[in-house]
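Worksheet for the structure shown next.
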Amino acid sequence: MAKLIKINRSDVYPDIILDKENGVFEIRGISLSQDARDFYQPVLEFLDEYATNPNKVTIFVFNLKYFNVSSAKMLLFVFYRLKEIYDKGNTVLVTWCLMTMILKKRGKILNT
């Protein structure tokens, strides 16, 4: 299993850090990719593997200034993976950092 995934931000992609050893899981910046499925696929694969042997506590930080519809769909899949980890009896804490009221509403939708 990959213990670390790090993707550096660009004009359309967020910074992503998935570090099992140090317990750092974060997506930050903006996500405007039109090919969000391809971009987020390594994240989903990491979480699928991570779910087989997660840390006792998983803290995942979403600190997004903006994201488009394509990215929202993939973020929903990230939430599904986190819920699967939680449903197996593990502790999962999600921090949703808000930059605008629109994102606050989107965050509530994704959390339901």
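The values are calculated or read from the model by the stated rules, or taken from the named source; none is laboratory data. Values in this document were obtained by computation on a predicted structure and should not be read as measured data. Cβ atoms come from the backbone with ideal geometry, glycine included; neighbour counts cover every protein chain shown.
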Please specify each residue of the stretch 43-79 satisfying the condition of being touching a Leu at 6+ places or on another chain (Cβ under 9 Å), part of a helix (DSSP H, G or I) and farther than 20 Å from SER10 by Cα.
PHE46, LEU47, TYR50, LEU76, PHE77, VAL78, PHE79
Take the conditions within 14 Å of the chain's Cα centre (by Cα), within 15 Å of VAL92 (Cβ to Cβ) and of a type in the set (Phe, Trp, Tyr) and apply them to PHE62. Does it pass?
yes
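Kindly provide the set of residues from the stretch 28-50 that are among the aromatic types (Phe, Trp, Tyr) and without any contact (Cβ under 8 Å) to a residue 40 or more places away in the chain, ordered by number. Working first, answer last.
Step one: filter the stretch 28-50 for residues among the aromatic types (Phe, Trp, Tyr), giving 39-40, 46, 50.
Hits for the stretch 28-50 are PHE39, TYR40.
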Identify, by number, the condition in (1) in a loop (DSSP other than H, G, I, E, B); (2) among the hydroxyl-bearing types (Ser, Thr, Tyr); (3) out of contact with any Ser or Thr (no Cβ under 7 Å at 6 or more places or on another chain) that TYR40 doesn't meet.
(1)
Of everything in the stretch 37-55 that's hydroxyl-bearing (Ser, Thr, Tyr) and closer than 12 Å to ILE5 by Cβ, which residue is farthest from the chain's Cα centre (by Cα)?
TYR50
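Go through the stretch 80-108 and report how many residues are farther than 21 Å from GLN34 by Cβ, assigned to a helix (DSSP H, G or I) and modelled with pLDDT under 95.
Our first condition is that a residue be farther than 21 Å from GLN34 by Cβ; within the stretch 80-108, this holds for 80-101, 104-105, 107-108.
So of that shortlist, the ones also assigned to a helix (DSSP H, G or I) come out as 80-87, 101, 104-105, 107-108.
Next, only the ones that are modelled with pLDDT under 95 stay: 101, 104-105, 107-108.
So the answer is 5.
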Of the residues in the stretch 1-36 that are surrounded by fewer than 16 Cβ atoms within 10 Å (Cβ to Cβ), over 13 Å from the mean Cα position of the chain (by Cα) and basic (Lys, Arg), the one that is farthest from LEU82 (Cα to Cα) is ARG9
For the stretch 1-37, how many residues meet the condition of being modelled with pLDDT of 90 or more, more than 16 Å from LEU64 (Cα to Cα) and outside any loop (DSSP other than H, G, I, E, B)?
2
